[in-house]
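Everything below concerns the one structure shown next.
The values are calculated or read from the model by the stated rules, or taken from the named source; none is laboratory data. Everything quoted here is computed from the prediction, not taken from an experiment. In this analysis, Cβ positions are derived from the backbone assuming ideal geometry, glycine residues included, and neighbour counts consider all displayed protein chains. In case anyone asks, the SASA skips ligands and DNA or RNA and just uses the protein heavy atoms, side chains included. Shrake-Rupley method; radii C 1.70, N 1.55, O 1.52, S 1.80 Å.
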Amino acid sequence: ARCGGPSPPAPPPPPGAPADLRVIDEVLAEVASRPVTLSEVTLARALGVFGLDPSAGPIPDADLAKYLDAQLAVRESVQLDVDVPAADLGAAWDRAGGAALAARLTAAGVDPAWARRLVESDRRVQRFVDLRFRAFAFVTDFDVDEALGPGAHDEATRARTREKLRADMVTRAFTAWQEEARQRVPIGRIPGVTGPWPAPFSLDAGAGAR
């Protein structure tokens, strides 16, 4: 069976049918009433999007939680009409594996267009973070001096320190936003559904949209 996007749990196969003729899917949670399935979390992890580390093992609760948090930003970025330029998406898709990735997805019974949409959502979230938080993260020379402490420091060291301080500011601001978004947007885990879950499919070669 081909996975083309989130779907309800698959019906049971006909009696006697081999189990590997279909991808077994399961609804794990809901974000603002939108179902989140095991297959989409598996695909996101295989692609390395939304901060998930690519792996072929079972899906732990921690990966589901990270994916659900990411959907808050996906939802916000869509509502704000955050644009992903075609060239940006094309470059991200190529970094993820491009045609070779599409071939592996097809072999695994997964629609490459679905994977490309996830890569696009990941890029949209990154642009949302850049526009909403990184653009307003200012690090002064005093901040750099305080972080480095007494003594002389070359410009390369100061530049690295400045960028780290800025990244930390962005992370703190985004984390605070996520905490506030969780209060606004209902996230519901399906009662009694806990991980780890066996991955319903895997790719022969590792891929990552880094």
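Projecting the alpha carbon convex hull of the stretch 77-186 along each direction and taking the average yields 10.3 nm². A simple charge model with +1 on the Cβ of Lys and Arg, -1 on the Cβ of Asp and Glu and nothing else charged puts the dipole of the chain at about 380 debye relative to its Cα centre. Once you reduce the stretch 110-135 and the stretch 164-207 to the center of their Cα atoms, the two points are 14 Å from each other.
Scalar couplings 3J(HN,Hα) for the stretch 83-93, obtained by applying the Karplus form with A = 6.51, B = -1.76, C = 1.60 to θ = phi - 60°, are 8, 10, x, 4, 5, 5, 5, x, 5, 5, 5 Hz; x denotes Gly and Pro. Scoring 129-142, 94-107 by mean Cβ neighbours within 10 Å over their residues and listing the highest first yields 94-107, 129-142. For the chain, the longest principal axis of the C-alpha atoms and the axis of helix 98-107 are separated by about 30°.
Residues THR42, THR171, sorted by accessible area with the largest first, give THR171, THR42 [1.4 Å probe; ligands and nucleic acids excluded]. What the phi angles of the stretch 114-130 give under the Karplus curve with 6.51, -1.76 and 1.60, with θ = phi - 60°, is a coupling list of 5, 4, 5, 5, 5, 4, 5, 4, 5, 5, 5, 5, 4, 5, 4, 5, 4 Hz, glycine and proline written as x. Sequentially through the stretch 44-50, phi angles give Karplus couplings (6.51, -1.76, 1.60; θ = phi - 60°) of 4, 5, 4, 7, x, 8, 6 Hz, Gly and Pro residues having no value and appearing as x.
Probing with 1.4 Å while keeping every protein chain in the model, the per residue accessible area of the chain equals 53 Å². The helix-only estimate of mean residue ellipticity at 222 nm for the chain, built from DSSP H runs of length n ≥ 4 each weighted as -39500 (n - 2.57), is -17000 deg cm²/dmol after division by the residue total. Backbone amide hydrogens, once placed in the peptide plane, bring TRP197 within less than 5 Å of ILE59, excluding anything fewer than 5 places away on its chain. May I ask you to derive the relative contact order of the chain, considering only C-alpha pairs under 8 Å and at least 6 residues apart, and to give it as an integer percent? Once divided by the residue count of the chain, the mean separation gives 37 percent.
Scanning residues 5 or more positions from LEU28 or on other chains, those with amide H under 5 Å from its amide H are VAL36, THR37, LEU38, with H placed 1.01 Å from N in the peptide plane.
Starting from the Kirkwood radius over alpha-carbon pairs of the stretch 61-127, derive D by Stokes-Einstein at 4 °C in a medium of 1.567 mPa s and give it in µm² s⁻¹. It comes out at roughly 101 µm²/s.
For VAL110, the residues whose modelled amide H falls within less than 5 Å of its own, excluding neighbours fewer than 5 places apart on the same chain, are CYS3. Cα extents for the stretch 136-210 along the principal axes, largest to smallest and rounded to whole angstrom: 57, 39, 20. Shape call for the stretch 141-183 from the C-alpha gyration tensor, a ≥ b ≥ c root eigenvalues: rounded (a/c under 1.5), prolate (a/b greater than b/c) or oblate? Judged from the Cα gyration tensor, the stretch 141-183 comes out prolate (a/c at least 1.5, a/b above b/c). With the convex hull of the Cα atoms taken as the outline of the chain, the averaged projected area works out to 14.6 nm².
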